[in-house]
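A quick write-up on the structure given underneath.
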Amino acid sequence: MRIFFYLSLLTFLLTNCNTLKKEKATVASETDRPNIIWLVAEDLSQRWACYGDSLAYTPNINKLANGGVVYDNAFSVAGVCAPSRSSIITGMYPTTIGTQHMRQSKSVIPMPGFPNYNAVPPSEVKAFPELLRASGYWTASYRKLDYQFGDPFTIWDEVVDYPSWRDRSEEDKDRPFFIYYTFEITHEINIWPDSTKERFFEDFNIDVSKLAPDVQKRPPYDESKKVALEDVTVPPYYPDNDISRSHIARLYDNVSRMDVQIGNILKQLKEDGLEENTIIMVTSDHGDCLPRAKRWIYDSGTKCPLVVYMPEKYQNEHFQPGTRNDDLVSFIDFAPTVLEWAGVEKPSWMQGRSMASSLIEQPRDYVYGARDRMDNRYDVRRTIRDKKYRYVRNFQPEVNYSQQITFLNQMPLMHHLLDQDEKKKLNRDQSYWLYHPKNVEEELYDTENDPYELNNLAANKEYKEVLERLRKDLTQWQQDTKDLYELNEFDQAEQMWPGGVQPKTQTPKSQVQDQKMVLTCDTEGASIAYQMNDDQRWHIYTSPIQMENITQLKAKAIRYGYDESDEYSYAGIPQ
């Protein structure tokens, strides 16, 4: 019997050792949940030293990469910010939740004749920081939210230019935090020369004082590290000249400026003794800010940098310093990953999968992406990519590859490309993707041998099997995710905002049951938050509140895409 007992114990330990190891990094205990920080560049591809590109001076990013995991195959679901950000914050595809068009609410540049509305996602969908708040986290974000379904007040405790854990109230300082930093210095507008920016602000009556600090003025950096034009690699779809090289060099310099900003955040973490309790993720919202990158669904627009720095106490065999991961990762996977790190159960509706467990146990076969309306131009395209091949389906092959997009056309490089094309001075690779109809329904690229995706293999019989496999699996994904590609946007807007009027969330109501206050809202899918007594923090309502704890209470509700409700108040007698 004793031998049988020890054999059973040994079997149990061997069977469960991997689970125990995984739980060290993926399931947070209630008393030691990690702080989590996201450092998110705008409009940036893999232009860091950890990807073999050391033109930008990035000692702080290098430090995080050397001490963390570098992901070689991370992809956004769109080549532009707003649809991509909606996927990041919800763990859902924009084409499922109605956030696929760029842009659906009011834009900097007027777009008469197009719907102006917030998307209204399915009622169960919530932003993951709201789920973190409901579990006890304090959350903060840089003020650029850009989710396409409005800015629900339930998502963040703080939305400011410079979010910081230092801003927590005394009552909240014991809470773990999640902070989302955005760096606009790498945004498309900052690749323009200053003269172009100033002319744009004047032509479109832009109130510069309301712009991001690093758009108003580029942050300082070590100018001895300024990138020389001759050191830049020019993609074959641009002419190799000083105009192309100056834009790309300015992009690298902006990355160096961003690294200084990141260094300031890391310095504060160290000063406050928080390094060993904080998981840091560094990424971008989609690919480069250059033409044929931003807004496009090739690798240039969707393949992104991703580094995860994991403090020693949360490391396991899958999160070790100085390691690489070449598995496919989609941006919809970020939300469930953070929830798992924080010990919060992933909701069943969330389409993404956790990088801390699910994607380890069963890596992705594919990542997917979409392009729909860009500003005032429609071009419905869908893509599927495995580790080697990218397939693109063009639902509007008659539409030009590149279109008359006002914001993009401010860029001197874009002016130059169009001028050279009109003068017949560009070669085929530099010209075909400009104002010329696609004339093909399908595209297929071997990304290993053709990294710039210039040689369409769709008509090549040698790749028939690959083409048919990817075509079939893309169609299946569209069906499984209820892709809205066939829904006219005007019909979509009417479904979400009938008559063009934003629906309003119903005011919360209360009733007392078993000496507890129960808050409800008649608007399906509404989130309810409340402030109680002297606490100024909005708490996410998750369960009834003991009446003996309440002297005063205020409550509001919000359904994503709707206007928030009027305020309900209680001061001794429920209303």
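The values are calculated or read from the model by the stated rules, or taken from the named source; none is laboratory data. Here the structure is a predicted model, which is why all the values come from computation and not from measurement. Don't worry about glycine lacking a Cβ; one is built from the backbone with ideal geometry, like all the others, and counts go over all protein chains shown. These accessible areas exclude ligands, DNA and RNA; they are computed on the full protein's heavy atoms, side chains included. Shrake-Rupley method; radii C 1.70, N 1.55, O 1.52, S 1.80 Å.
Counting only residues that are over 14 Å from PRO291 (Cβ atoms) and either free of Cβ contacts under 8 Å to residues at least 40 places away in the same chain or of a type outside the set (A, V, I, L, M) (or both), how many does the stretch 210-244 have?
Of the residues in that region, 24 qualify.
Would you please name the residue that is least open to solvent (accessible area, probe 1.4 Å), looking only at residues in the stretch 381-428 that are farther than 18 Å from LEU290 by Cβ and of a type in the set (Phe, Trp, Tyr)?
TYR391
Looking at this structure, is TYR378 open to solvent by 30 Å² or more (accessible area, probe 1.4 Å), within 18 Å of LYS294 (Cβ to Cβ) and among the hydroxyl-bearing types (Ser, Thr, Tyr)?
So TYR378 fits the description; yes.
Can you tell me how many residues within the stretch 216-263 are surrounded by 12 or more Cβ atoms within 10 Å (Cβ to Cβ), of a type in the set (S, T, N, Q) and farther than 26 Å from SER402 by Cβ?
Of the residues in that region, 3 qualify.
In the stretch 325-345, is there at least one residue being outside any helix (DSSP H, G or I), without any contact (Cβ under 8 Å) to a residue 24 or more places away in the chain and not aromatic (Phe, Trp, Tyr)?
For the stretch 325-345, residues outside any helix (DSSP H, G or I), without any contact (Cβ under 8 Å) to a residue 24 or more places away in the chain and not aromatic (Phe, Trp, Tyr): present.
For residues that are surrounded by 18 or more Cβ atoms within 10 Å (Cβ to Cβ) and touching a helix residue (DSSP H, G or I) at 6+ places or on another chain (Cβ under 7 Å), tally how many sit in the stretch 533-545.
Residues meeting the conditions: 1.
Pick from the stretch 445-459 the residues that are in a loop (DSSP other than H, G, I, E, B) and among the acidic types (Asp, Glu): which of them is surrounded by the most Cβ atoms within 10 Å (Cβ to Cβ)?
Checked the stretch 445-459; the qualifying residue surrounded by the most Cβ atoms within 10 Å (Cβ to Cβ) is GLU453.
Which of (1) loosely packed, with under 15 Cβ neighbours inside 10 Å; (2) free of Cβ contacts under 8 Å to residues at least 24 places away in the same chain; (3) under 26 Å from ALA249 (Cβ atoms) is the odd one out, the single condition SER431 does not satisfy?
Failed condition: (1).
Go through the stretch 127-158 and give me each residue that's open to solvent by 30 Å² or more (accessible area, probe 1.4 Å) and more than 30 Å from THR406 (Cβ to Cβ).
LEU131, ALA134, SER135, PHE153, ASP157, GLU158
Assigned to a helix (DSSP H, G or I), under 28 Å from GLU448 (Cα atoms) and in contact with an Asp or Glu (Cβ under 8 Å, 6 or more places away or on another chain): is that true of GLY287 in this structure?
Taking the combined requirement at face value, the residue does not satisfy it.
Could you run through the stretch 346-378 and say how many residues are in contact with a Lys or Arg (Cβ under 9 Å, 6 or more places away or on another chain), among the polar types (S, T, N, Q), touching a residue at least 24 places away in the same chain (Cβ under 8 Å) and closer than 17 Å to ALA74 by Cβ?
Going through the stretch 346-378 one residue at a time, the tally reaches 1.
Specify which of the listed residues (TYR366, TYR378, TYR435) is in contact with a Ser or Thr (Cβ under 8 Å, 6 or more places away or on another chain) and hydroxyl-bearing (Ser, Thr, Tyr).
On inspection, the qualifying residue turns out to be TYR435.
List, please: which pairs have Cβ atoms under 8 Å, are six or more places apart or on different chains, and start with a residue in the stretch 41-68 that is free of Cβ contacts under 8 Å to residues at least 12 places away in the same chain and end with one that is open to solvent by 20 Å² or more (accessible area, probe 1.4 Å)?
ASP53/GLN46; ASP53/ARG47
Residue check: is TYR309 open to solvent by less than 40 Å² (accessible area, probe 1.4 Å) and in contact (Cβ under 8 Å) with a residue 40 or more places away in the chain?
No; evaluated as a whole, the condition is false for this residue.
Out of all the residues in the stretch 384-415, which are part of a strand (DSSP E or B) and β-branched (Val, Ile, Thr)?
ILE384, VAL392
Would you call GLU442 on the phi < 0 side of the Ramachandran plot, acidic (Asp, Glu), in contact with a strand residue (DSSP E or B) (Cβ under 7 Å, 6 or more places away or on another chain) and at pLDDT 95 or above?
yes
Got a number for residues in the stretch 267-281 being open to solvent by 20 Å² or more (accessible area, probe 1.4 Å) and assigned to a helix (DSSP H, G or I)?
Matching residues across the stretch 267-281 total 7.
Could you run through the stretch 264-279 and say how many residues are touching a Lys or Arg at 6+ places or on another chain (Cβ under 9 Å) and not charged (D, E, K, R)?
3
Could you please give the count of residues in the stretch 555-574 that are in a strand (DSSP E or B), touching a residue at least 24 places away in the same chain (Cβ under 8 Å) and under 16 Å from GLN506 (Cβ atoms)?
6
Mind listing whichever residues of the stretch 434-444 are open to solvent by 20 Å² or more (accessible area, probe 1.4 Å) and either assigned to a loop (DSSP other than H, G, I, E, B) or of a type in the set (Phe, Trp, Tyr) (or both)?
TYR435, HIS436, ASN439, VAL440, GLU441
Quickly run through the stretch 174-219 and pick out the residues that are closer than 24 Å to GLN261 by Cα and in contact with a strand residue (DSSP E or B) (Cβ under 6 Å, 6 or more places away or on another chain).
PRO176, PHE177, PHE178, ILE179, TYR180, TYR181, THR182, PHE183, THR186
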